[in-house]
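The structure under discussion appears below in the form of structure tokens.
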Amino acid sequence: MTKHWGGYVNITHPKESYDKVLNMCNQLEDPGDEEEAEEREIVRTMCIKAFFLLLAGLTIFANKNSKNVQLIWLTALQDLDTVREWSWGGMTLNFLYSQISLTTYRRLAPLVVT
């Protein structure tokens, strides 16, 4: 049985991106005009998306090596208004069950929780 997983990226890139966007967000001042207010909103949204990407990839849906983030989260985070409507508990339980079932294959090492 072959399982096909989506693409992933090493965690260092999302961490660096989050740090960069967070620094941009922290340097923003109160907007003086409408254009600056729009820029501020864009940077804040980028910061929130980067944080959610790290949160999902490193804590809630971390695989056993915790070095990669699945890219499926990039498409899921396109619309932040729907995040509060997600079934976080159900998704987490599903992910945990799939990780446990992966450990039943003899060729894989057991899942270690730290």
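The values are calculated or read from the model by the stated rules, or taken from the named source; none is laboratory data. None of these values were measured; they are calculated from a predicted model. Neighbour counts are summed over all protein chains in view; Cβ atoms, including those assigned to glycine, are modelled from backbone coordinates with ideal geometry.
Some observations on this one:
- Odd one out for Glu35 among (1) assigned to a loop (DSSP other than H, G, I, E, B); (2) surrounded by fewer than 16 Cβ atoms within 10 Å (Cβ to Cβ): (1)
- The residues of the stretch 52-102 that are more than 16 Å from Thr12 (Cα to Cα), of a type in the set (Ser, Thr, Tyr) and under 16 Å from the mean Cα position of the chain (by Cα), listed by number, are Thr75, Thr82, Ser87, Thr92.
- Within the stretch 81-95, not a single residue is surrounded by 15 or more Cβ atoms within 10 Å (Cβ to Cβ), hydrophobic (A, V, I, L, M, F, W, C) and at pLDDT below 80.
- The residues of the stretch 38-67 that are closer than 23 Å to Ser87 by Cα, not hydroxyl-bearing (Ser, Thr, Tyr) and not in a helix (DSSP H, G or I), listed by number, are Phe61, Ala62, Asn63, Lys64.
- Considering only residues in the stretch 96-114 that are part of a helix (DSSP H, G or I) and of a type in the set (A, V, I, L, M, F, W, C), the one that is modelled with the lowest pLDDT turns out to be Leu102.
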